[in-house]
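No value in this document is a laboratory result; all are computed from the given coordinates. Because the structure is a prediction, the values reported are computed rather than measured. Virtual Cβ from ideal backbone geometry, glycine too; neighbours counted across all protein chains shown.
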């Protein structure tokens, strides 16, 4: 005959942790999460290398026409109508080729400087039968002389040219120098003796 059942025993001491198990199978890809807040602006980067020059652009629109600058004019070109002008007085060239500004006075034979500046003057004289000696005068003073000795019966030429800086009010003219022995200046319908002058550069206003 068996004995009576015994009382339950006490719990034993816990066992040690077991070894890690093997990795499980990879799970399925989850849904995309919501966009996070905008981050702070980063610092500026280093300046890059300068690029190559671009192609030329298209031509721009034509600009408006500007105002023209002020232009000064002073010129004359005149000739004799008869031979042997009287000596010791301005030669009166009364054959007018050009005198638009009226700065040459055919009644006195004098050019009046109205526009101060640098001028060019020239004369080309036909010489016949007598010698010629002429002077270019500037406000009463002879500043240039031309002499031609007549040869036999041929027509000669006497000429001269000069650059002068003139002030307003100064006068220029040609004059036979000396007495009648030197006034062989000649002119007729096929032979001219001329006197010309014109402004090259006006003085600039200060």
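Some observations on this one:
- In plain terms, the residue of 190, 115 with the fewest other Cβ atoms within 10 Å comes first and the most crowded comes last, giving 190, 115.
- A full extension of the chain between residue 84 and residue 161 corresponds to an added length of 25.6 nm, given 0.36 nm per residue minus the alpha carbon distance.
- Using a Förster distance of 22 Å, the FRET efficiency for residue 100-residue 64 (Cβ separation, nearest 0.05): 0.10
- For the range 155-206, the pair-distance distribution built from all alpha carbon pairs, in bins 10 Å wide starting at 0, is 15, 40, 28, 13, 4 percent.
- Taking the alpha carbon gyration tensor of the range 80-206, multiplying each eigenvalue by 5 and rooting it gives semi-axes of 27, 14, 12 Å, largest first.
- Sorted ascending by nearby beta carbons within 10 Å, beginning with the fewest, 126, 153 become 153, 126.
- In this rough spin-label picture, where each label sits 7 Å from Cα along the Cβ direction, the residue 168-residue 139 distance is 1.4 nm.
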